[in-house]
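> This is the structure I want to talk about, given as structure tokens.
The values are calculated or read from the model by the stated rules, or taken from the named source; none is laboratory data. Since the model is a prediction, treat every value here as computed from it, not as a measurement. A quick note on method: Cβ atoms are made from the backbone with ideal geometry, for glycine too, and the neighbour counts reach across all protein chains shown. In case anyone asks, the SASA skips ligands and DNA or RNA and just uses the protein heavy atoms, side chains included. Shrake-Rupley method; radii C 1.70, N 1.55, O 1.52, S 1.80 Å.
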Amino acid sequence: MSSAFTILASLVLAAAGSLPPVVTNCADITAILRSSSPRETRFDITARMLLPNVAEKSSIPVEDTSGAVNLLFPRTLRGIRLPDWCVVRAIGVISEHDPGKNLSHTYVAVCSNLFFTAAAEPPRPREITVRQAQSGEYDNRLVRISGTVCDRFVDEIDPKYVFVTLQDKTGIIYAVTENSTTAADHLTTNSDVTLVGICYFDHVTRRPHIGRRLAIISSHSIITSGKSREDPSVRLPVRRAR
């Protein structure tokens with residue numbers, strides 16, 4: 001009996017040893033996603049959520065001391081109720097994702113379970129330039145960027161989104177908000193603004209060539225610091241963001 005138990009234990013340990021290791025931090029998830037040959041990998045991380053109202057999101061950026069990553073939520077997790085600005089334990093897998101619409105497949109971090117672990121203070125955005133945002137160093141981070149609005153346009157695919165191009169001395173980046181009224185009131189062409197949002201870069205989108213973008217959190221994340229030379233009553237033009 002003892003011999004049979006020993007053999008069984010050895011088989012269990014061997015099987016466990018053949019399983020790929022579980023990723024336990026955001027930086028390692030990011031490294032796998034950015035690798036030339038990403039692989040399916042399980043993850044189990046403890047990190048702080050960077051956006052409130054997680055119940056209404058299809059994905060959520062989180063960060064720990066190693067870095068930040070955007071976690072996709074399957075429909076089974078939509079509507080989950082958690083306090084704003086909390087620390088969570090997120091369990092899931094890095095797997096291949098088909099975005100459809102004839103776009104190429106890519107790998108994403110899909111969360112299958114999410115647990116509240118602790119309350120947290122609202123995160124402080126990092127003050128960065130457009131060039132820093134485009135570098136990739138701040139992907140999925142909460143950031144603050146100041147610049148001039150060069151252009152604005154309604155998304156022709158989904159009119160609830162409004163894009164603007166924000167320029168500072170170092171470059172140009174797209175910023176997007178879901179609130180068209182906010183954009184009309186505050187994001188007028190030639191106005192100097194400071195925007196707070198999440199710096200995103202992914203291919204899980206119907207705009208695979210837009211590059212990095214700043215997702216504005218809310219109207220409270222738009223600070224106007226200069227007057228616009230444009231009449232704010234002018235209707236937003238519809239243009240194509242490539």
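> What does the C-alpha gyration tensor say about the overall shape of the stretch 37-100? Classify as rounded when a/c is under 1.5, otherwise prolate if a/b is larger than b/c, or oblate. All intermediate terms of the calculation are to be shown ahead of the outcome.
Values: a/c = 2.02, a/b = 1.25, b/c = 1.61.
Judged from the Cα gyration tensor, the stretch 37-100 comes out oblate (a/c at least 1.5, b/c at or above a/b).
> Between Ser112 and Ile210, how many nm apart are label points set 7 Å from Cα along the C-beta direction?
Each label point is offset 7 Å from its Cα along the Cβ direction, giving 3.1 nm.
> Ignoring ligands, DNA and RNA, what percent of the 1.4 Å accessible area of the stretch 56-194 is carbon and sulfur?
46
> Further, regarding this structure: Which net charge results for the neighbourhood of Ile173, defined as the other residues with beta-carbon distances under 10 angstrom from its beta-carbon, given Lys and Arg at +1 and Asp and Glu at -1?
Summing Lys/Arg as +1 and Asp/Glu as -1 gives +2.
> Here's a follow-up. Nearest 0.05, what FRET efficiency do Ile80 and Asp151 give at R0 = 41 Å with Cβ-Cβ as r? Before the final figure, lay out the partial values.
Values: r = 37 Å, r/R0 = 0.91.
For Ile80 and Asp151, the calculated efficiency is 0.65.
> Label points 7 Å out from Cα along the Cβ direction at Ala27 and Asn53: separation in nm?
Placing both labels 7 Å beyond Cα along the Cβ direction yields 3.4 nm.
> Hey, what's the per residue convex hull volume over the C-alpha atoms of the stretch 30-136, in cubic angstrom? Intermediate results must be reported in sequence, preceding the final value.
On the way: hull volume 13.8 nm³, N = 107.
In the stretch 30-136, the Cα hull volume divided by residue count equals 129 Å³.
> Quick one: which residues, 5+ away or cross-chain, put their amide H under 5 Å from the amide H of His97? H built at 1.01 Å from N.
It is Thr106, Tyr107, Val108, by chain and number.
> Give, in nm to one decimal, the length gained when the segment between Arg89 and Arg34 is fully stretched (0.36 nm per residue of separation minus the Cα-Cα distance).
So the chain would gain 17.5 nm between Arg89 and Arg34.
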